[in-house]
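Enquirer: Quick one: this structure, given as C-alpha cells, is what I'll be asking you about.
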Amino acid sequence: MLKNRIIPCLDVKNGRVVKGINFVELKDAGDPVEQAKIYSDGGADEICFLDITASNENRETTIDIVRKTAKECFVPLTVGGGVRTIQNITDLLLAGADKVSINTAAVKNVDFVKEASKKFGSQCIVVAIDAKKVSDNKWEVFTHGGRNKTGFDAVEFAKKVEENGAGEILLTSMDKDGTKSGYDVDLLKTITNNTNIPVIASGGVGTLDHLYDGIVKGGASAVLAASIFHYGEYKIKDAKEYLNSKNVSVRL
Amino acid sequence: MNVTIVDYQSGNISSVINSFTEVAKGKVNLEVTSDIKKIKFSDKIVLPGQGSFKNCIDSLNQIKGLVDTLNEFAITNKKPLLGICVGLQMFADIGYEEAETKGLGWISGKVSKIDNQQGKFKLPHIGWNEIEIQKKSKIFKDIKNKSHMYFVHSYEFIPKDKSVISATTDYSSKIVCSVEKDNLFGTQFHPEKSDKIGLKIIDNFLKL
C-alpha cells in the first residue's frame, strides 16, 4: 500500500536557513545541508527547500546547497522558489534536485509547465498553487506570497496544470499559512476531488492532528510542514507514530 | 571493478550518480559516460531512465552504436546490468507511452499505463510503497520483505514470463517492481532515492 508522505520544508535565503530547526545540538543552525540531513536521518519521506532569495546573483548559492545536500540525503529532494526558465530547472536537476516546484512562472504561462514536463518528465514537475478564499467554496490563485491576485479560479487552474503535465500539486492556503490553525481542509478536498494527480497539503500546520486532517479529511497524498518541526516541538518520528496510531499508513 | 552508468542524455541522473558514488567509494571505479568503448570494457552497467519510454528509446538510438553495444554486453556476453525505472521498462519488446515504441526486447513483455480504476488511484504512483518479494534475487540480499521503496511512475512493465518477477508492489493491482533474469536486473522503484535500504540494493548489485 502506498504510504502517506511527510515532507519537512526549509526556507532558504542567501544560502542560510531562515525558518529552520532550532535544535541545540546543531553546530550551525543556519546550515541547510546539516538540517536536511537531520530530517532525512529522522525519517522524512522527502525534503523540500524553498528558496526565498530575492536576487538572482545569490541563486548560485542555492545550487551549491542543493549539490551538497544531494550528496548526503538519499531521499527525494524538491526545490522551489524562483524557478522561471528551463535553464533554472536544468541547473537544479544537475545539482541533484529530484523535483522542482514552479509557482509564478506557471501562473504567467501554463505552457511553461507543458514544456518543462515534456523535457524533464512529469515526475519532476511540481506546480505550487497559492490559493486564497474569495467566497463560499471558491478560491483564487495568488502569487507573491498572497499579495497579487491572478483572477484564476484555483480549481480550474489545478485542472489546467494537470492537463499540462504537472506530476504533483503543492497546494498552500494563503489564509492559513503561518496561523498554525490547520490546513484549509475544504480547499484541499475540493482540489483533490477535482484532480487525478497527487496533492501535497501546505499552510497552517500547528499540531499533529492537522496532519491527520490533511490526509484523511482533505485527501492529500502528502503533508508538508515547516514550523512544527523547526523548534524540535515535534520530530518527524513523532508525526509518523501519531498518524500510525490513528491508522493512517506511513513509512515507519 | 569498472561500473558504468550509461549517460544517454535523457532525464536527470544526478541522484543515480550521487548514490552510486556514495556506495562505490573506494571499492569500485565508477564511470558516467555514453562512450561505447568504455561501456564495452566495463564489468557492470547501470541503465537509468526518466521521462517517457519513447523519449528514452529515442535518446539511446541517437548515440551511434550504443544499442548494439548494450545488446552485446547484456545478451551476448551476459554481463550484469541493472535497469532503473524506465531503464527497466526498456527491457520490454514494446512500450505504449506517447506512441507505440519498440523496446530493447531483452525480456519479452510490454509496458502500458497503470490501470488506475477510473481515477480511483492517482497517477503518477508517487511515494513510498512496500515491495512484496516473489523470488530470491541477488540484489535483495539482506532486504526484508515489505521494505519501503520510493516510486514515481505511471507505466508498468508486464513481462510474459512471470518467473522473471522478483518483487511486486500493490497499487491498484500487483505491479511488477523488480525483475531478475540471468544477468539482467531491473527495478521500477528508485533505489537511489530509497534511503539506506535503497543504498543496500545498490551495494548488492556492486558486490555481484
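Enquirer: Nothing charged except the Cβ atoms of Lys and Arg (+1) and of Asp and Glu (-1): what's the magnitude of the dipole of the protein assembly as shown about its Cα centre? Round to the nearest 20 debye. Could the numbers behind the result be given before it?
Expert: Working: 62 positive and 58 negative charges, 174 e Å.
Using Cβ point charges on Lys, Arg, Asp and Glu, the protein assembly as shown gives about 840 debye.
Enquirer: On the first, second and third principal axes, largest extent first, how far apart are the outermost C-alpha atoms of the stretch A:5-245 in Å?
Expert: 46, 43, 29
Enquirer: Follow-up question, since we're still on this one. How would you classify the stretch B:1-93 from its alpha-carbon gyration tensor, with a ≥ b ≥ c the square roots of the eigenvalues: rounded for a/c under 1.5, else prolate if a/b is greater than b/c, otherwise oblate? All intermediate terms of the calculation are to be shown ahead of the outcome.
Expert: Working: a/c = 1.70, a/b = 1.21, b/c = 1.41.
Oblate is the answer for the stretch B:1-93, as a/c is 1.5 or above yet b/c matches or exceeds a/b.
Enquirer: Sticking with this structure for a sec: Given a cut-off of 26 Å, name the pairs among A:3/A:189; A:3/A:237; A:237/B:120; B:146/B:207; A:180/B:193 whose C-alpha atoms lie farther apart than that in the structure shown. Please list the in-between numbers first.
Expert: Details: A:3/A:189 19 Å; A:3/A:237 15 Å; A:237/B:120 29 Å; B:146/B:207 23 Å; A:180/B:193 31 Å.
Violating the 26 Å Cα-Cα cut-off are A:237/B:120; A:180/B:193.
Enquirer: Points 7 angstrom from Cα along the Cβ direction at residue A:238 and residue B:163: gap in nanometres?
Expert: 5.4 nm
Enquirer: Shifting gears a bit: Using θ = phi - 60° and the Karplus relation 6.51 cos²θ - 1.76 cosθ + 1.60, list the HN-Hα couplings for the stretch A:198-204 in order, rounded to whole Hz, with x at every Gly or Pro.
Expert: Karplus-based 3J(HN,Hα) across the stretch A:198-204 equals x, 10, 9, 7, 8, x, x Hz.
Enquirer: Here is a further query. Compute the distance in nm between two label points, each set 7 Å from the Cα along the Cα-to-Cβ direction, one at residue A:119 and one at residue B:63.
Expert: Result for the modelled spin labels: 2.1 nm.
Enquirer: Please compute the volume of the convex hull spanned by the alpha-carbon atoms of chain B and report it per residue in Å³. Can you show the working numbers first?
Expert: Values: hull volume 21.8 nm³, N = 208.
Taking the convex hull of the Cα positions in chain B, it is 105 Å³ per residue.
Enquirer: Here's another thing I want to ask about it. Working from the pairwise distances between different alpha carbons, so that the mean of 1/r is found and then inverted, what is the stretch A:36-159's Kirkwood radius in Å?
Expert: Details: mean 1/r = 0.0649 Å⁻¹.
Roughly 15.4 Å, rounded to one decimal.
Enquirer: Something else: Any idea what log10 I(q)/I(0) is at q = 0.07, 0.08 Å⁻¹ for the protein assembly as shown, Debye with uniform C-alpha scatterers and no solvent?
Expert: Log10 I(q)/I(0), no solvent term: -0.33, -0.44.
Enquirer: What FRET efficiency do you get for residue B:182 and residue A:147 if R0 is 56 Å and r is their Cβ-Cβ distance, rounded to the nearest 0.05?
Expert: Working: r = 60 Å, r/R0 = 1.08.
For residue B:182 and residue A:147, the calculated efficiency is 0.40.
Enquirer: Now a separate question. Provide the descending list of Cα extents for the stretch A:87-226 along its principal axes, expressed in whole angstroms.
Expert: Projected onto its principal axes, the Cα set of the stretch A:87-226 covers 38, 31, 27 Å.
Enquirer: Sum up the lysine pairs in the stretch B:1-59 that clear both bars: alpha-carbon distance under 23 Å and a spacing of 8 or more or different chains. Write down the numbers at each step before the final one.
Expert: Values: B:25/B:38; B:25/B:40; B:25/B:44; B:27/B:37; B:27/B:38; B:27/B:40; B:27/B:44.
Lysine pairs meeting both conditions in the stretch B:1-59 amount to 7.
Enquirer: Among the listed pairs A:160/B:196; A:119/A:176; A:176/A:240, which are separated by more than 30 Å between their Cα atoms?
Expert: On the way: A:160/B:196 37 Å; A:119/A:176 34 Å; A:176/A:240 23 Å.
With Cα atoms farther than 30 Å apart: A:160/B:196; A:119/A:176.
Laboratory data are not the source of any read-out in this text; all were calculated from the coordinates shown. None of these values were measured; they are calculated from a predicted model. Virtual Cβ from ideal backbone geometry, glycine too; neighbours counted across all protein chains shown.
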